[in-house]
């Protein structure tokens, strides 16, 4: 979660989606009454993560649970398109997702992921959403910039985080701003 | 797909190839043309686009290039009932429970999303906005306390993006951030306006600044005489269908040309509103007399318009002859699934929805009313009307239409058998709590003047939404099928 020392190597089971997964699918609008800055509502948001997905993707969250068994999402292009709602990366982070590996991101979703530090938004140029399956054992290694599918044995290069790296490494926009002296250290 | 259309004469593209980000570019490439170098005589000025200039001024730099990350000063920060509470939570957590906002006159708080509902959390969220506004002496808080009658709330406006324009918060050359993706609507006023999340907004609330990456600009030159059956919505759906939902990711969309110059402010707002649907960072229309005329009496603040330099570099330029276009819709389930309206005549529909920041402005309703009045028939399916703001609602009842023998929109809608215009808010555009007016709770088919049609957008995951202009929506209401408005105009 935001504020902890982020691990640069994340291993776990992956959940696979495809292109243009919009924010309404990540967190349906009816749940937006939940306020992410309130701890109990933050947890509830997690329980509704990906609730808007069509059923053919499989079950992301077991009914009645608020944490998913998946720690990694594998996606196609333009992940997170649609609304600017920060509830989207928050719901994913609250549900237990630590990193998304997508072919590309929509801009506001990417910004929100970076600003909140809820989950890493990482890019991979290869079309891995065609090669990975729900439940595959995966390691996302942000030291070596590779993603490994242990179930198939294949490894793919990740794109370096680029301009967002200093903000992500600091732990979000507030931490970065304090580090660079933009705002005072004490709240 | 629409591949056949790409080679026709009305839509041509000049420039060097698009960036490698998008692998599904559908625009045809003409041979790359040399960009004109900036003037070598006179002042050596770095040529910039409109967006680059605004951001340069706002970051106190003399020049900027796309890709640079800069700290930008905000002129206005807007938030609403869905994202405001979260933003406030972050502001207090990061700056302290007793912290004060950076400028109590530069924050505009507009409850609009989940207002007319019994949902307790939704109602509580408006209370949170009120408490904060009182505590901080926020100058612009458009409150609602009596949900049973919106007219009993003199401060209440309605849909934030339309309210921002109507209340004079949009000004050329300025920088506006809002916790809503359709904040890009304000670019119609020749300003930089974009949507952000709670954390960024919380940061701005305390500091008045945010870190931004400067976007390159896609230029859309819309020329030619606008046919009588086309509206701005058709143009933007045309463009999104051309460049796809990620075609403008991280880019600015600049709309120019004779057709744009002849557009009203509301038309320009419709264009810029859907820039986000193409992934755009912002949409912008250069300010002119139309803009200044609209702003008269609405704002006392001084502003300074900026324009793209003659030698500015654009990532790509698209030239569109609007006179050759036809009414279009976006099929389920993506705003870029563009199809000619006349090719969908066998699609049976269950309802029509006219509303939202995209298609719920006064002129949107006037267009629908004009068509219905001309047709002189009754609608065949439930037709829901949601004026974006109180002002729009008043226009529906008070404005006589010269082209309809002085009848008001409300009279025409009643004669045609439409539902009574509802309380102004975002309503069903994004589904909302289950008791939201006109929410799609069943897997039915709707033609809508709204902005997104992803699965579940208006409620039910399997509901089908065809995005359309107000003319197309009205025509479809009359037939009970997706229709071409030329059948009635």
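The values are calculated or read from the model by the stated rules, or taken from the named source; none is laboratory data. Every value quoted in this text rests on a predicted model; they were computed, and no experiment measured them. All Cβ positions, even for glycine, are placed from backbone atoms using ideal geometry, and neighbour counts span all protein chains on display.
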Mind listing whichever residues of region B:383-398 are surrounded by fewer than 17 Cβ atoms within 10 Å (Cβ to Cβ) and in contact (Cβ under 8 Å) with a residue 12 or more places away in the chain? B:397
On the given criteria, is residue B:101 in contact with a helix residue (DSSP H, G or I) (Cβ under 7 Å, 6 or more places away or on another chain), touching a residue at least 40 places away in the same chain (Cβ under 8 Å), farther than 20 Å from residue A:30 by Cβ and within 12 Å of chain A (Cβ to nearest Cβ)? no
Count of residues meeting criterion [in a helix (DSSP H, G or I) and crowded, with 16+ Cβ neighbours inside 10 Å] in region B:262-308: 18
Quickly run through region A:131-149 and pick out the residues that are touching a strand residue (DSSP E or B) at 6+ places or on another chain (Cβ under 6 Å) and farther than 20 Å from residue A:68 by Cα. A:141, A:146, A:147, A:148
When restricted to B:348, B:331, B:361, the only residue crowded, with 22+ Cβ neighbours inside 10 Å and touching a strand residue (DSSP E or B) at 6+ places or on another chain (Cβ under 9 Å) is B:361
From the list B:246, B:228, pick out the single residue that is farther than 21 Å from residue B:140 by Cβ, part of a loop (DSSP other than H, G, I, E, B) and more than 14 Å from chain A (Cβ to nearest Cβ). B:228
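Listed here are the residues, each with its yes/no results for (1) closer than 30 Å to residue B:93 by Cβ; (2) at pLDDT below 95; (3) away from chain B (no Cβ under 14 Å).
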{"residue": "A:14", "(1), (2), (3)": "no, no, yes"}
{"residue": "A:42", "(1), (2), (3)": "yes, no, no"}
{"residue": "A:57", "(1), (2), (3)": "no, no, no"}
{"residue": "A:61", "(1), (2), (3)": "yes, no, yes"}
{"residue": "A:74", "(1), (2), (3)": "no, no, yes"}
Residue A:34 - would you say it is surrounded by 24 or more Cβ atoms within 10 Å (Cβ to Cβ), within 12 Å of another protein chain (Cβ to nearest Cβ) and over 14 Å from the mean Cα position of the chain (by Cα)? yes
Does region B:179-214 hold any residues that are in a loop (DSSP other than H, G, I, E, B) and facing chain A (nearest Cβ under 8 Å), and which are they? B:179, B:180, B:196, B:197
Do we find a residue being over 18 Å from residue B:233 (Cβ atoms), surrounded by fewer than 24 Cβ atoms within 10 Å (Cβ to Cβ) and touching a residue at least 60 places away in the same chain (Cβ under 8 Å) anywhere in region B:457-471? yes
As an exercise: evaluate residue B:157 against (1) away from chain A (no Cβ under 14 Å); (2) over 21 Å from residue B:114 (Cβ atoms) and give the number of the one condition it does not meet. (2)
Only one of B:142, B:114 is without any contact (Cβ under 8 Å) to a residue 40 or more places away in the chain and either within 25 Å of the chain's Cα centre (by Cα) or closer than 30 Å to residue B:188 by Cβ (or both); which? B:142
In region B:206-219, residues that are farther than 17 Å from residue A:111 by Cα and either buried (at least 24 other Cβ atoms within 10 Å of the Cβ) or without any contact (Cβ under 8 Å) to a residue 40 or more places away in the chain (or both) total 2
In this structure, does residue A:51 turn out to be more than 22 Å from residue A:159 (Cβ to Cβ), part of a loop (DSSP other than H, G, I, E, B) and either over 10 Å from the mean Cα position of the chain (by Cα) or at the interface with chain B (Cβ under 9 Å from one of its Cβ atoms) (or both)? yes
What tally of residues in region A:137-172 results from selecting those that are within 16 Å of the chain's Cα centre (by Cα) and at positive phi? 2
Which count do you get for residues in region B:249-261 that are surrounded by fewer than 23 Cβ atoms within 10 Å (Cβ to Cβ) and within 14 Å of chain A (Cβ to nearest Cβ)? 1
